[in-house]
Amino acid sequence: MLGEEGYRGEKVGLMTRYPTRDKAAVVAAVLGPLALAALLLPWRHSWSNTNVALLLVVAVVAISCLGNRFAGALAAVSAAVWFDFFFTVPYDRLTIGRSADVTTFVLLLVVGVAVSQIAAWARRLSAVTVADAGYFSRIVGSAALTQQAGTPYDVVEHIRRQLIEVLELQDCRFEYGKLLGQPPRLEHDGSVRTRYGYHPVDVSGLPADDIELRTFSNGQYVGRFILTPNPGARPSQRARLVAVALADLAGHAVGDGSALVA
């Protein structure tokens, strides 16, 4: 389990690693097909252009798995250009003299772009699946804790730390039975409501002010988590719904216990 400092370090690592990987993928999209085409030049007269095109498509797929959709599409265009330049007659010119090569060029471009987008989509789906598995693990682990022998305070403290990680918070505290003020509220549908209406979290991120997340037990209000967001934090709706589910577990633990140990 990551502590608060460990989680922040991990988040900084992610924010710096993925943009760097995407930049590297763009460079690879430009230079990778060129390097592969240069390696294949000695066999220009002995290999069919179809085989060369297939190898270039493999390079496009590899770059797409490394980077994003833009890098994949750029790799497909780069592969088509260098295929035209090196492997179609007249050589070393961006012209194509044979109709069969025109067909291969068009297919290389179309298939390369299509495959690159599928590969990028698969990469994103894999990331979402991993995130969902992590969220599910948090909920299951927290639910198991509520069934173990321990104080409600143990459950609340555990979930407080979970909320810091899930929602990218600076801090989080629990207030038992209090309803002072009118801070923005994280609702059970994952939206954030302020006194002026709903706040567009997906566009603008969480409000700069503290946010309350209320907890209930058998329909009765028992307390609230006060969430202090990091500047610019923009947790997904999926993450916000997980936070609501975690808070519900805390509410049941506090409501079922005789008292919340401070």
Taking Ile96 as meeting all but one of (1) at pLDDT 70 or above; (2) part of a helix (DSSP H, G or I); (3) buried (at least 18 other Cβ atoms within 10 Å of the Cβ), write down the number of the exception. (2)
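Going through the range 218-239 one residue at a time, which ones are touching a strand residue (DSSP E or B) at 6+ places or on another chain (Cβ under 9 Å) and free of Cβ contacts under 8 Å to residues at least 40 places away in the same chain? Please lay out each step first, then the result.
As a first pass, look at the range 218-239 and keep what is touching a strand residue (DSSP E or B) at 6+ places or on another chain (Cβ under 9 Å): 221-231, 233, 235.
Within the range 218-239, Pro231 is the sole residue that qualifies.
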Starting from residues that are of a type in the set (S, T, N, Q), assigned to a strand (DSSP E or B) and more than 27 Å from the chain's Cα centre (by Cα), keep the ones in the range 203-262 and report whichever is modelled with the highest pLDDT. Thr215
If you scan the range 136-174, which residues turn out to be more than 28 Å from the chain's Cα centre (by Cα), surrounded by fewer than 13 Cβ atoms within 10 Å (Cβ to Cβ) and either modelled with pLDDT of 90 or more or part of a loop (DSSP other than H, G, I, E, B) (or both)? Gln148, Ala149
From the residues in the range 176-202 that are over 19 Å from Ile159 (Cβ atoms) and of a type in the set (Phe, Trp, Tyr), which one is modelled with the highest pLDDT? Tyr198
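The values are calculated or read from the model by the stated rules, or taken from the named source; none is laboratory data. Computed from a predicted structure; not experimentally measured. Neighbour counts run over all protein chains shown; Cβ positions are idealised from the backbone, glycine included.
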